[in-house]
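The values are calculated or read from the model by the stated rules, or taken from the named source; none is laboratory data. Fair warning: this is a prediction, and the values are worked out from it, not measured in the lab. Positions of Cβ are generated from backbone atoms using ideal geometry, with glycine treated the same way; all protein chains shown enter the neighbour counts. Side chains included, ligands, DNA and RNA excluded: accessible areas come from the protein's heavy atoms. Shrake-Rupley method; radii C 1.70, N 1.55, O 1.52, S 1.80 Å.
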Amino acid sequence: MNDALAAVWYALAEGRLQFRTRVALERHQERLARGHLRWVAAHSPAVAQRFLKAGLGLSQWRELPPTGKAEMMADFDRLNTAGLRLSDVLALARAAEDHRDFSGQLRGAAASAFAGQAVTVGLSSGTSGTQGAFLVGVQERQRWAGVMLRHLLPPPFSRSLLRSQRVAFLLRAEGALYRSVQSRRIRFTFLDLLRPVPDLAAALTAADPTLLVGPPSVLRALLEAGAQANPERVVCVAEVLEEADRAALEAGFGPVVGVYQATEGLLALPCRYGTLHLNEAHVHFDLEPLGDGRWRPIITDLRRRVQPMIRHRLDDILQLDDTPCACGSVARRLARIEGRQDDALVFADASGQPVTVWPDFLRAALNRVPGLREYRAEQSAPDTLWLLLDPDLPPIRTAAAAEVKAALARAGADAESVRLCFGPLLPAPPGTKRRRVLRRSVPVS
Ligand SMILES: [Zn+2]
């Protein structure tokens, strides 16, 4: 079966995975987990060893001590079930990025479960810490495309499928994955983020997409550069989606929805009401409390076999919404993806104890500063916060300082002991992920 047909098949199958009770959803997950873990433990020495080391049987998977990106990369060769070596994967992925050609694939090793099969390779952007390498098999890619189509094309799905769709993706380094659903009815245009903004704006206007997918900062820059498009849906990925950006994109392009997609998996998708639901039909989520109503996900992907994700801890900070959604789905609702764990700032309170200041606090404070177009707040030392401002003018500095000090105090930090430094915000290199609030690797004392 070719990729486009397979994707449509998966998209249709997705219609049967709408659960009306939590019990039914959990029963479905448990059933998937049983078969999946048996297969994974038999083919991935790294996963089998984790169970052995913890003294747990496969049925006790929910208690398995979580793992993370650093461990995943360290044990890459024994984790993946296609017999691929990290050195080969990195060499291919870097060559693809250098040449802006993402058609490159590896073949599963002869003795592996995926012998001779194509495996798509990707790198995570690696803005901090370890860079991640990711492998996706043919079926996994087709299913991914199907699930995306099902949830992103405007409902009802059957009618969307009958019309021809033009999808424009503004993304870096994931072309091969997205191109997999090219067909007569669905045309994909991949716009490389590293091209100059005026070129990209013209290319976007020419593509005339019915579905437009990209990071909100880039979409907004293209809008401001004069790009014209009237897609049925604008899909924001890869960055925190803030209200100001959503409003501007809705006014300029059309209805905006978000998708929570990482190289670790397809984690949340919008329903027809635009609500983001966790992708619980395919991924099991355990949530670790971070305090203040914030959670950190530990995912168990119940489908991925080439590079299993079993009790894998992500760096993201999530806020949930407990109210039921009008669409009737029982998959949990995401209120916000606030950023990554290392976007949370840590200052001292009056007695010198560390206090977490969530990125949302600072974003809300700086959004109130009149005349401030763009900014970055960056903690560079335990007591130092840089505010890089555009425009960087004296009255804006004064207003920003007052708002930020008030926000720090509200968060419980000793605002007087925090040194504020100012500077102009310089344009980011093309293709980089926008992070408005971040902490440089500051030791938490
Ligand atoms: Zn919903």
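The Cβ shell under 11 Å around residue 303 holds other residues with a net charge of +1, Lys and Arg each +1, Asp and Glu each -1. Measuring only protein heavy atoms, the 1.4 Å probe finds residue 59 accessible over about 100 Å². Its DSSP H runs of at least 4 residues, each contributing -39,500 (n - 2.57), put the calculated 222 nm mean residue ellipticity of the chain at -10000 deg cm²/dmol, to the nearest 500. For the chain, a crude dipole built from +1 on the beta carbon of Lys and Arg and -1 on the beta carbon of Asp and Glu, taken about the Cα centre, is about 1480 debye to the nearest 20.
When both bridge partners sit in the chain, DSSP labels roughly 60% of those beta bridges antiparallel. Here's how it looks for residue 68: its modeled amide H is under 5 Å from those of 313, which are all 5 or more places away or on a different chain. For the listed peptides 60-68, 209-217, a ranking on the average number of other beta carbons within 10 Å per residue, highest first, reads 209-217, 60-68.
Summing charges over all other residues whose Cβ lies under 15 Å from the Cβ of residue 288, with Lys and Arg as +1 and Asp and Glu as -1, gives +1. Of the accessible area of segment 200-292, computed with a 1.4 Å probe over protein heavy atoms only, carbon and sulfur atoms account for 50 percent. The accessible area of residue 298, taken with all protein chains in place and a 1.4 Å probe, comes to roughly 10 Å².
Ranking 79, 131, 248 by Cα position along the charge dipole of the chain, where only Lys, Arg, Asp and Glu carry charges on their C-beta atoms, puts 79 farthest toward the positive end. On segment 344-439, 58 percent of the accessible area sits on carbon and sulfur atoms, based on a 1.4 Å probe. Label-to-label distance, residue 247 versus residue 111, with points set 7 angstrom from Cα along the beta-carbon direction: 6.2 nm. Other residues lying with their Cβ under 15 Å from the Cβ of residue 20 contribute a combined charge of +2, Lys and Arg counting +1, Asp and Glu -1. Counting only protein heavy atoms and using a 1.4 Å probe, the accessible area of residue 416 comes to about 150 Å². Assuming charge only on the beta carbon of Lys and Arg (+1) and of Asp and Glu (-1), the dipole of segment 379-445 about its Cα centre is about 320 debye to the nearest 20.
Think of a 1.4 Å ball rolled over the protein heavy atoms: the chain then has 44 Å² of accessible area per residue. Within the listed set 406, 326, 70, the Gaussian network model of the chain (springs between alpha-carbon atoms below 10 Å) gives the highest mean-square fluctuation for 326. Over the chain, the ratio between the Cα radius of gyration and 2.2 N^0.38 Å evaluates to 1.00. Taking a ≥ b ≥ c as the square roots of the eigenvalues of the Cα gyration tensor, an a/c ratio of 1.5 or more together with a/b no larger than b/c marks segment 1-134 as oblate. Distance from the Cα centroid of segment 302-353 to that of segment 47-63 is 24 Å (rounded to whole angstrom). Across the chain, C-alpha contacts under 8 Å between residues 6 or more apart give a mean separation that, scaled by the residue count, equals a relative contact order of 13 percent.
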